[in-house]
Amino acid sequence: QVQLVESGGGLVEPGGSLRLSCAASGTLVSLNDMGWYRRAPGKQRELVALITSGGSTNYADSVRGRWTLSRDNAKRTVYLQMNSLKPEDTAVYYCNADARTSWLRGSSSYWGQGTQVTVSS
């Protein structure tokens, strides 16, 4: 089984910054794409940013240029640096990872428990 533990959410004023972290643990043979999704009140969950095992990144248009996703493969951790935060960034943020626990089986998608980010003055 794979566990994803998120940290770094909280309350911040518009224009401020936060850094989210997501650490994967468990019996892993490979950790593939990792990313962050968010769900704002009354809206569907959306992909915010994605990073491959090789470090290639993709961002939603709404955050591109403001946020940076990186990963430390040795620590099995991804970091989402969120700058220039806006009230519309308020949401619960979920970490997602595509991982394999055995070479005898294909990969599966795993989710963290979610962390609240609130941008308000």
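Structure notes:
- Of all residues in segment 99-111, none that is in contact (Cβ under 8 Å) with a residue 12 or more places away in the chain has its Cβ atom under 6 Å from the Cβ atom of a residue that is of a type in the set (Asp, Glu) and exposed (fewer than 10 other Cβ atoms within 10 Å of the Cβ), 6 or more apart or on another chain.
- Residues of segment 1-16 satisfying the condition of being within 14 Å of the chain's Cα centre (by Cα) and among the acidic types (Asp, Glu): 6
This table checks each residue for (1) open to solvent by 60 Å² or more (accessible area, probe 1.4 Å); (2) aliphatic (A, V, I, L, M); (3) within 18 Å of residue 47 (Cα to Cα); (4) modelled with pLDDT of 95 or more.
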residue: 59; (1), (2), (3), (4): no, no, yes, yes
residue: 82; (1), (2), (3), (4): no, yes, yes, yes
residue: 85; (1), (2), (3), (4): no, yes, yes, yes
residue: 94; (1), (2), (3), (4): no, no, yes, yes
residue: 98; (1), (2), (3), (4): no, no, yes, yes
residue: 101; (1), (2), (3), (4): no, no, no, no
residue: 105; (1), (2), (3), (4): yes, no, no, no
residue: 115; (1), (2), (3), (4): no, no, yes, yes
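- Those residues of segment 26-51 which are more than 16 Å from residue 85 (Cα to Cα) and open to solvent by less than 50 Å² (accessible area, probe 1.4 Å), in sequence order: 26, 28, 30, 31, 32, 34, 35, 50, 51
- Out of 56, 84, 62, one residue alone is without any contact (Cβ under 8 Å) to a residue 12 or more places away in the chain, out of contact with any strand residue (DSSP E or B) (no Cβ under 6 Å at 6 or more places or on another chain) and not β-branched (Val, Ile, Thr). It is 56.
The values are calculated or read from the model by the stated rules, or taken from the named source; none is laboratory data. Everything numeric here is computed off the predicted structure, so don't read it as measured data. Every residue, glycine among them, receives a Cβ derived from its backbone with ideal geometry; neighbour counts consider all protein chains shown. Surface areas here come from the heavy atoms of the whole protein model, side chains and all, with no ligands, DNA or RNA. Shrake-Rupley method; radii C 1.70, N 1.55, O 1.52, S 1.80 Å.
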